[in-house]
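One structure is given here, and the rest of the page talks about it.
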Amino acid sequence: MKRVIISGKEKAELSEVAIPKPTGNLVLVKIHVAPMCAEYKQFLEGVPRDCLGHEAAGEVVEVAEPGPVKVGDRVVAMPLDACGQCALCLSGDFIHCEENHMQDATMAQYVLKPAFMLKKIPDDVSYEKAALACCGLGASFGAMQNLNLTSFDTILITGLGPVGLGAVINARFRGTRVIAVESNEFRANLAKEMGAEAVIHPTDPDALKKIKELCGGIGPDCAIDCSGAIPAHRLCIDAVRRKGKIAFVGECHKETPLVISRDLIRKGIHLIGSWHYNLNEFPKLMRVIQTSPLVDKLVTHQFPMSQIEEAFSESALQMSGKILIKPWE
């Protein structure tokens, strides 16, 4: 089979490897669509890698033992590989499994996945749309479930990359008013097309003041950070109203300044780490995908995997929404 590798700075190509063989509870999935996430950063860095991608939709082609899926099922393959036996996995929160690891990549023609991490795609949903049930729409969907977001709320979304744009779609599906923060004009305009009421530039010295003014002077009810940027973290903390809630979705490995008394105790806000969504809520996310007229706007580019270097270059420009890779083209 073919899979993507990064071979140098801004260099990507396909390599030929053996098709993996399923054993135990592992299932072999033929990948039809593999969305791109933040792999372009590795492409720009140029450190050789042969394990790329963590999102996929495809078809079950081989199982080692009877289980929840069978050959021919159309499925979404969830990111990472969890144990399937701990309390977190059994409750649906597999993403927090302490044994989670990256076993195989999805920028390839086949992938092995634990059977319980494959969710069946409804007949009326294409592989392209189903693939958005991972990072494209899944990350923000899980965050909004954790926030208990409703049509009575106003939400601040910081960072309008593909995950942040997916957050706009999920919020508008719930009837929630959206205010966003983004510097990329292309993505800011796309968010407005999706229904964001206002998009504020993060370097605007009056950004915090403008956000609060749009919310009667007290700030939004909730916020989701999809940027992973420390200034955005602080903006969310400073902007939300007292007793508000913030979900952090964007990855960040640096320290964000926080004053417990001022920011948490006296303001009474809730800070929530949110990585994915509970697998038991997959049907609800599918309902968003099946019925929201905004979902089509999220996918802006599709590339055959044979043009992977061009796809990485496009992703690096950040003038896109979600980019989909077709491994068999």
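FYI, it's all coordinate maths here, none of it is from the lab. Model, not experiment: these values are computed from the prediction. Every residue, glycine as well, gets a Cβ built from its backbone with ideal geometry; the counts of neighbours run over all protein chains shown.
A few remarks follow.
- Extension reserve of the Lys41-Thr23 stretch, reckoned as 0.36 nm per residue once the Cα distance is removed: 3.1 nm
- Counting every pair of alpha carbons in the chain, the share spaced more than 34 Å apart comes to 24 percent.
- Dividing the mean sequence gap of close Cα pairs (under 8 Å, 6+ apart) by how many residues the stretch 138-273 holds gives a relative contact order of 24 percent.
- Remark: the Asn148-Leu317 segment gains 57.4 nm on full extension, using 0.36 nm per residue and subtracting the alpha carbon distance.
- Tensor-based shape of the stretch 138-273 (alpha-carbon gyration tensor, a/c under 1.5 rounded, otherwise prolate or oblate): rounded
- Counting DSSP beta bridges with both ends in the chain, the antiparallel % (nearest 5): 55
- Debye-sum result for the stretch 29-182 in log10 I(q)/I(0), which assumes one identical scatterer on each alpha carbon, at q = 0.13, 0.18 Å⁻¹: -0.68, -1.18
- Note on Ser91 and Asp238: with the Förster distance fixed at 35 Å, the Cβ-Cβ geometry gives a FRET efficiency of about 0.55.
- Exposed-site-free run, longest, the chain (rule: trypsin sites (Lys or Arg not before Pro); DSSP loop; at most 12 other C-beta within 10 Å): 71-241
- Inter-site label distance for Glu59 and His101 at 7 Å from Cα along Cβ, in nm: 3.2
- Using θ = phi - 60° and Karplus 6.51 cos²θ - 1.76 cosθ + 1.60, couplings along the stretch 262-270 (whole Hz; Gly, Pro as x): 5, 8, 10, 5, 7, 8, x, 8, 10
- Taking each residue as 0.36 nm, the span from Ala198 to Arg174 lengthens on full extension beyond its C-alpha to C-alpha distance by 6.9 nm.
- Descending semi-axes in whole angstrom, ellipsoid equivalent of the stretch 92-139, from the Cα gyration tensor: 20, 14, 11
- Efficiency of FRET from Cβ geometry, Leu264 and Val71, R₀ 51 Å, rounded to 0.05: 0.50
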